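The values are calculated or read from the model by the stated rules, or taken from the named source; none is laboratory data. Note that the structure is a prediction, hence the values are computed from the model and not measured. Backbone-built Cβ (ideal geometry, glycine too); neighbour counts: all protein chains shown. Surface accessibility is based on the protein's heavy atoms, side chains included, excluding ligands, DNA and RNA. Shrake-Rupley method; radii C 1.70, N 1.55, O 1.52, S 1.80 Å.
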Amino acid sequence: MNQKTTMQTTEAVQIVHVGNRSLRIEDVLAVAEGRAQLALSHDPAFRARIDAGARHLERMLAETSHIYGVTTGYGDSCTVEIPPELVAELPLHLTRYHGCGLGDDLDQEATLAVMTARLTSLSVGFSGVRSVLLERIAFYANQRILPRIPAEGSVGASGDLTPLSYLAAALVGERDVVYRGTTQSASAVLEQLNLTPLQLAPKEGLAIMNGTAVMTGLACLAFARADYLSRVATRLTALSSWALLGNSHHFDARLFEAKPHQGQNECAAWIRGDLEHLTHDQDPARLQDRYSIRCAPHVIGVLRDALPWLRRDIENELNSANDNPLIDPDTGAVMHGGHFYGGHIAFAMDALKVAVANLADLMDRQLALLVDTRYNAGLPQNLSGTQGARAPINHGFKAVQIGVSAWTAEALKLTMPASVFSRSTECHNQDKVSMGTIAARDCLRVLELVEQVTAAHCLAVNQAVTLRLREQAAQDASFGPVLDAFRNAIHALSPFVDEDRPLEHELRALMAAIRSRHLPAPG
C-alpha cells in the first residue's frame, strides 16, 4: 500500500457528521475517496457528553485517583506509579516509543478511513478526551494533513497501538505527514498553517492509540471492494456463458427456488437478467456446462450472503468505544476492560479474503475454458483475433491466462487465517491478541490480486464475445444498453486484440476502472 502523491480536492459537498448518529461503511468510503468532509455534530447533548467525560477525568486527577494509563504505566507496567509531576508527559512518551512501524505506508484512502474510524470511536463519548482533540482530527482529515502511517507493527490488541501512534504524533507536531502531495515534517506543516501543536491531556495519547481504527478503516475499504467485485464477476459469468454457447437454464428461477440461499438466488437473477438480452444462433455445446459456469451463483453467492453479517460486525466496531479504560460520561465511573481487542474484525477479514479469493478461482477457471479449443465451443485458440497467413505467429491471451493463474494462486495462498496466529507479547500481558490488522492487510492484498484477475477476465471475455459475434457475422449486434455500456467501457480502455501487443497498460487501466467502480455492474 504505497503512499499516493496525488491530492484529492476538498470541494466535496457531502458532509459526514460524527457524534449524533452511527456511521455506515459508505460514510467512511465517501471521506476516504474525497467525496465528503468530516464535521462534528453541533448537537448540544453530544458536546456536553464529550465535555463531561473530560471533566470527570480532570476531577479524578485532582483527587489523585489511580487510573490506568494516566497515573500508571502502560500494559504490564500498570503497576508502576507515575509521579504527579510526570503525569502530563506520559502521553507523549507513549506516542514516541511506539514510533517503530515498518512496511509500506498506508495510502491516502486508507489513511483517511483510519482517521474517520478513530474520530467516530472517540466521539462515542467514553474515552475522556476533549472536543478540541476531535476537532483537530477532523481538521487534519479535511485539509488532507495525512500522517505517514507504516502498515506493519500491530497485533490487533491492545488495539492498533503502533500505527495509530503516527496519528497521535502528527497531532502534536512530530514525525512526517503528507500534505499537498509531498512528505513534510508535521511541525513544518503546522507552521505553514499558523497552528499550534496539540498538547495532549493525560489520557488522550492512550485514547487515540488504544483502539481498532486501523483494522476497521481498512475493513470498510475491503468490504466495498469485495461487494463490487462480486457484482462484476456475476456479469462476466453471464457473458462467458454466452461466449461458450452455454445453457441459460442453469440459472432458471424455479431451479434456485429449491435452494433458497438469498445471495445465491440474487446472483442467479442477475445472470438471468443479462442473458435475457443475449441470443444464440447455435444450440448449446453441452447439456450441462462445466462447474465454473453452472455453479457460479453458488460460488459468488457465498460472498453475497456473507456481506450482511460482515457489514454488521464492521459497523458495530466502527461505532463502538474501543479503547481502555472507558470513562462513563454520566457517572464518571472508570471501567477497565478489553474493548481494544479486534477479534470481530479479524474474523470478518479472514472470512472475506476466503470468499473473495474464490472469485479469482472461479474467473481463472472460466478464462481457462475460453482460451482452450477443447472447451470453448469453436472459438480460436487463446482467443487470438488474427486470421489468415499471420495467425501462426499470434498467441492472443496465452500469457494473460498464465498471469491469471499466477495471481489466483497467490490470492489462494494468502487465505491462511491470520486470527489463529496469536502471539503472546509485552511481557505476557497481551498474551492473546487478535491479529486483526494483519487479517485486514491480507484481505486488501487478496482483493488487489482478484482485481487483477478481474481486469484480465474483462479483456478476455470481451474478446471472446467479439469473436463469437464475428463468427455469427453479427459484429454490430446490441445486447441492450447495460451490457453494451459494460462492453464499451472495456473496449474504450482495450480495443480488440487482432495482433499480439503488450497488454500491461491496458490491464492497469482496467484495474483502475474496477477500483473506481466505473464498469456498470448488476444490483
> Relative to the longest principal axis of the chain, what angle (0 to 90°, nearest 10) does the C-alpha long axis of helix 436-471 take?
Replying inline: 20
>> Multiplying the sequence separation of VAL482 and GLU89 by 0.36 nm and subtracting their Cα-Cα distance, what value in nm do you get?
In response: 135.4 nm
>> Let me spell out the model: positive unit charges on the Cβ of Lys and Arg, negative unit charges on the Cβ of Asp and Glu, origin at the Cα centre of the chain. What dipole size does that give, in debye rounded to 20?
In response: 780
>> Using a Cα-Cα cut-off of under 15 Å, which aspartates and glutamates could be cross-linked to LYS398, ignoring same-chain neighbours fewer than 8 residues away?
In response: ASP364, ASP372, ASP498, GLU499, ASP500, GLU504
> Taking R0 as 35 Å, what's the FRET efficiency between GLU276 and SER22 from their Cβ-Cβ distance, rounded to 0.05?
Replying inline: 0.35
> For the pair GLU58 and ARG312, how long in nm is the line joining their label points, each one 7 Å along Cα→Cβ?
Replying inline: 4.2
> When Lys and Arg each count +1 and Asp and Glu each count -1, what net charge do the other residues less than 9 Å away from GLY263, Cβ to Cβ, add up to?
Replying inline: -1
>> Which of rounded, prolate or oblate describes the stretch 14-132 when judged by the alpha-carbon gyration tensor and an a/c cut-off of 1.5?
In response: oblate
> For the chain, what is the Kirkwood estimate of the hydrodynamic radius, computed as the reciprocal of the mean inverse distance between distinct Cα atoms, to one decimal in Å?
Replying inline: 24.9
> Between GLU257 and ALA492, how many nm apart are label points set 7 Å from Cα along the C-beta direction?
Replying inline: 4.1
> If you line up the long axis of helix 161-171 against the longest principal axis of the chain, both from Cα atoms, how many degrees apart are they, to the nearest 10?
Replying inline: 70
> What ranking do 47-53, 442-448 get when scored by the average of other Cβ atoms within 10 Å per residue, highest first?
Replying inline: 442-448, 47-53
> Using a simple spin-label model with points 7 Å from Cα along the Cα→Cβ vector, what separation in nm is obtained for GLU471 and GLU504?
Replying inline: 3.3
> CYS78 to HIS518: FRET efficiency via 1/(1 + (r/R0)^6), r the Cβ-Cβ distance, R0 51 Å, to the nearest 0.05?
Replying inline: 0.50
> Residue separation times 0.36 nm, minus the C-alpha to C-alpha distance between ALA333 and ILE402: what's the value?
Replying inline: 18.7 nm
>> For LYS259, give me every one of the aspartates and glutamates with a C-alpha distance below 18 angstrom, ignoring sequence neighbours fewer than eight places off in its own chain.
In response: ASP305
>> Quick check: residue separation of GLU426 and ILE393 times 0.36 nm, minus the Cα distance between them. What number comes out in nm?
In response: 5.7 nm
>> Using amide H atoms built in the peptide plane, which far-off residues or other-chain residues are under 5 Å from GLN430 H to H?
In response: THR425
>> Give the aspartates and glutamates whose C-alpha is closer than 13 Å to that of LYS413, dropping any in the same chain fewer than 8 places away, or say none.
In response: ASP350, ASP361, ASP442
> Roughly how many Å² is the accessible area per residue of the stretch 249-322, as a whole number, for a 1.4 Å probe?
Replying inline: 53
